[in-house]
1. Output yes when any residue across the range 8-20 is loosely packed, with under 10 Cβ neighbours inside 10 Å and modelled with pLDDT of 85 or more, and no when none is.
2. Within the range 21-66, can you find the residues that are at pLDDT below 90 and among the small types (Gly, Ala, Ser)?
3. Just to be sure before I move on: is Thr62 out of contact with any Cys (no Cβ under 9 Å at 6 or more places or on another chain), assigned to a helix (DSSP H, G or I), among the polar types (S, T, N, Q) and loosely packed, with under 10 Cβ neighbours inside 10 Å in the structure I sent?
4. Those residues that are farther than 17 Å from Leu18 by Cβ and aliphatic (A, V, I, L, M), I need them from the range 29-66; list them, please.
Amino acid sequence: MQAAPVRATAIPSFTTALRAVESLLMSSGQRTARRNAWTSVLEDRRRAKDRVEAQRVLDQVTSVRP
């Protein structure tokens, strides 16, 4: 009985596959713009989360003081 052959290359992830399709369909300028926009969205979400946390801490501090 023989062992199954070992695959030399890894199966690409879903993200890698999407980027490959994206590179075929869009020019590099559009890809860069889309990635920059997505990075901005993620950064805005992080800042909003930080603002909520800061407000929560401030509310706790002000409620403790007489």
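1. Residues of the range 8-20 that are loosely packed, with under 10 Cβ neighbours inside 10 Å, as a first pass: 8-11, 13-15.
Those still in the list that are modelled with pLDDT of 85 or more too: 13-14.
Yes, the range 8-20 contains a residue that is loosely packed, with under 10 Cβ neighbours inside 10 Å and modelled with pLDDT of 85 or more.
2. Ser23, Ser27, Ser28, Gly29, Ala33, Ser63
3. On the way: out of contact with any Cys (no Cβ under 9 Å at 6 or more places or on another chain): yes; assigned to a helix (DSSP H, G or I): yes; among the polar types (S, T, N, Q): yes; loosely packed, with under 10 Cβ neighbours inside 10 Å: yes.
When the stated conditions are applied, Thr62 passes them.
4. Ala48, Val52, Ala54, Val57, Leu58, Val61, Val64
The values are calculated or read from the model by the stated rules, or taken from the named source; none is laboratory data. Predicted, not measured: the structure shown is a model, and the values here were computed from it. Note: ideal-geometry Cβ built from the backbone for every residue, glycine included; neighbour counts use all protein chains shown.
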